[in-house]
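So the structure is just underneath, and the comments pick up after that.
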Amino acid sequence: MAIPESSKPALAVGCRWKEDAEEPILLFPEGAMKVQGTGLAILELCDGQHTFPEMVAELQRQYFGADPKRILDDATRFLEQLHEKRIVDF
Amino acid sequence: MLANPLALIAEITHRCPLHCVYCSNPLELAAASSELKTDDWRRVFAEAAQLGVLHLHLTGGEPLARADLEELIATAHSARLYTNLITSGLGLSRERLKKLVDTGLDHIQLSFQGFQSDRADWIAGTKSHAHKIELASWVLEHRIAFTANLVVHRQNLDHLDEMIAFLEKLKPNRIEIAHTQYYGWALENRAALMPTAAQLENAVRVVAEAETRLKGTIRIDSVVPDYYAQFPKACMGGWGRRLILINPAGEALPCHAAGVIPGMVFDNVREHSLKSIWQESSAFQRFRGEDWMQEPCRTCERRTEDFGGCRCQAFLLTGDAAATDPVCSLAPTRAVVVQALRQSPTDVISPSILAENWKYRPNPSRA
């Protein structure tokens, strides 16, 4: 499923960060996920404020030098997977 | 090195207004008078969080039967545990639900027995279906995760597509289709509950279709019926590897049904810290790792995936808790499962006849 350009991805209901964790852990029903690197960068932008194109632009700025097309593809795939698991809404 | 437990299953009471014929509680229910006090649970939750536990599952019995549920959730929340309430919803008012959410509940898992009140109530042994529907609409008023759980078996599987359609309308984030697992009261009623091969085949198709239709809207998770499987389930994610269950009386078990295994001694959280129980108690060590395994598990390449299956099921069906789970196609004792399937009736019986033939789970004694 394509990510609509106007949507503002956000953590789904019942998904939240563990507040006191040493390294970032995302908690959701029946599961948890340690997040680092680009995955963390993407999820930190899932705040309901950024549209998907804004998120990608920000990631391309953060990872300046990396192939912009690849950043777009990786972010799309990652968010689609999390959307299917009902961890991210868009 | 021993990893930390990830989840704590707290059976805070065995009292329950429902009498479900598939209940996985032990046949010997904990008496109300033996239940841990609020302060005991508070200490246990704090210790669990320190030990690295992420998820707390409050279950029972019916956890709502405890008047201190709000306090327990508040404690869990301040210990930063992700808190899940597994409930029939019976007796939960709109006001109390709001209180539970306000004190920090993250996830509510509401059980359903069917899609029509008469049959659902007949399985639950009490009138509850209509209230659950109303409660589901109240859950949507809050920002918490909502799972609709449906336990399936021969007496309701013919209506799986209608049941999923019914649950969809309640707008949960997640639907859990749980095939009955045969422990406790479910094992007592196995002959009436075991699905037929044809029902199972149909169920797999119906669930796959629903997954495709609801992708991105409702997540569907299924618990498979292991009697029909080729390989056993990784019960509890492996004995003493991820989960601790505390029963209402405070005993720490590696698995819901572990009490059926002869010779088990369960340390009580009244006398031992959760850390010492996890690291040192004989119950948690008994089937941890691989040293206890027999052939074919001992040399099987799947032993790191399914850990030999379920120890309780191995004991219940073969009399040897260290045997390969007999549901495994490689198990030397597989014949007992084949025989159970062959001997199971295939009929869907009218409620009036069946009610006389199956055992409803009773309530525990007060004393």
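The values are calculated or read from the model by the stated rules, or taken from the named source; none is laboratory data. Treat the numbers as computed from the prediction; the structure is a model and nothing was measured. Every residue, glycine among them, receives a Cβ derived from its backbone with ideal geometry; neighbour counts consider all protein chains shown. Ligands, DNA and RNA are stripped out before the accessible areas are found, and what is left, the full protein with its side chains, is counted by its heavy atoms. Shrake-Rupley method; radii C 1.70, N 1.55, O 1.52, S 1.80 Å.
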Q: Only counting protein heavy atoms at a 1.4 Å probe, give the residues of the range B:30-70, ordered by number, whose accessible area falls by 20 Å² or more when the other protein chains are present relative to the chain alone.
A: B:Leu54, B:His55, B:His57
Q | Accessible area of the protein assembly as shown divided out per residue, in Å², using a probe of 1.4 angstrom | A | 44 Å²
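Determine the relative contact order of the range A:18-90: mean sequence separation of Cα pairs under 8 Å and six or more apart, normalised by residue count, in whole percent.
Working: 38 pairs, mean separation 13.6, N = 73.
It rounds to 19 percent for the range A:18-90.
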Q. To the nearest 10 Å², what's A:Trp17's accessible area with a 1.4 Å probe?
A. 70 Å²
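Taking 0.36 nm per residue of sequence separation and subtracting the Cα-Cα distance, how much length would be gained by fully extending the chain between B:Gln339 and B:Glu71, in nm to one decimal?
Numbers: separation 268, 0.36 × 268 = 96.48 nm, distance 4.83 nm.
Contour length minus Cα-Cα distance gives 91.7 nm.
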(Q) For the protein assembly as shown, give me the percentage of DSSP beta bridges that are antiparallel, rounded to the nearest 5 percent. (A) 25 percent
Q | Farthest toward positive dipole pole in chain B [+1 Lys/Arg, -1 Asp/Glu at C-beta], among B:Ser273, B:Ala340, B:Leu193 | A | B:Ser273
Q | Label-point gap, in nm, between A:Thr51 and B:Arg80 - each point 7 angstrom along Cα→Cβ | A | 3.7 nm
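Please state the shape class of the protein assembly as shown: rounded when a/c is under 1.5, otherwise prolate if a/b exceeds b/c and oblate if not, all from the C-alpha gyration tensor.
On the way: a/c = 1.39, a/b = 1.33, b/c = 1.05.
Rounded, since a/c falls under 1.5.
If you filter the range B:249-282 for GluC sites (Glu not before Pro), then keep DSSP loop positions with at most 15 other Cβ within 10 Å, what is left? Spell out each step's value before the answer.
Numbers: sites: B:Glu251, B:Glu271, B:Glu280; in loops: B:Glu271.
Hits after loop and neighbour filter: B:Glu271.
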Q: Would you mind getting me the FRET efficiency between B:Glu28 and A:Thr76? Use the beta-carbon distance for r and R0 = 45 Å, nearest 0.05.
A: 0.25
Q) Which whole-percent values make up P(r) of the range B:272-367 when all C-alpha to C-alpha distances are grouped in 5 Å steps starting at zero? A) 2, 11, 15, 13, 12, 14, 12, 10, 7, 3, 0
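For the range A:10-85, which whole-number percentage of the solvent-accessible area (1.4 Å probe, protein heavy atoms only) is attributable to carbon and sulfur atoms?
Values: 2100 of 4200 Å².
Roughly 50 percent of what the probe reaches on the range A:10-85 is carbon or sulfur.
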Q | For the range B:199-229, residues shielded by at least 40 square angstrom of accessible area compared with the chain on its own, probe 1.4 Å | A | B:Lys215, B:Gly216, B:Arg219
Q: Determine the share of chain B's accessible area contributed by carbon and sulfur atoms, expressed in whole percent, with a 1.4 angstrom probe.
A: 52 percent
(Q) Can you give me the distance in nm between label points at B:Ser329 and B:His131, each placed 7 Å from the Cα along the Cα-to-Cβ direction? (A) 4.5 nm
Q: Mind grabbing the interface size between B and A? I mean buried accessible area, both sides, 1.4 Å probe, in Å² to the nearest hundred.
A: 1800 Å²
(Q) Report D for chain B in µm² per second (integer): Stokes-Einstein, Kirkwood Rh on Cα pairs, 37 °C, 0.692 mPa s. (A) 155 µm²/s
**Q.** Listed residues B:Cys235, B:Leu160, B:Thr147: farthest to the positive end of the dipole of the range B:122-240 (Cβ charges)
**A.** B:Thr147
Q: Identify all lysines with a Cα-Cα distance to A:Lys8 below 27 Å; exclude those on the same chain that are fewer than 8 residues away in sequence.
A: A:Lys18, A:Lys34, A:Lys69, A:Lys85, B:Lys169, B:Lys171, B:Lys215
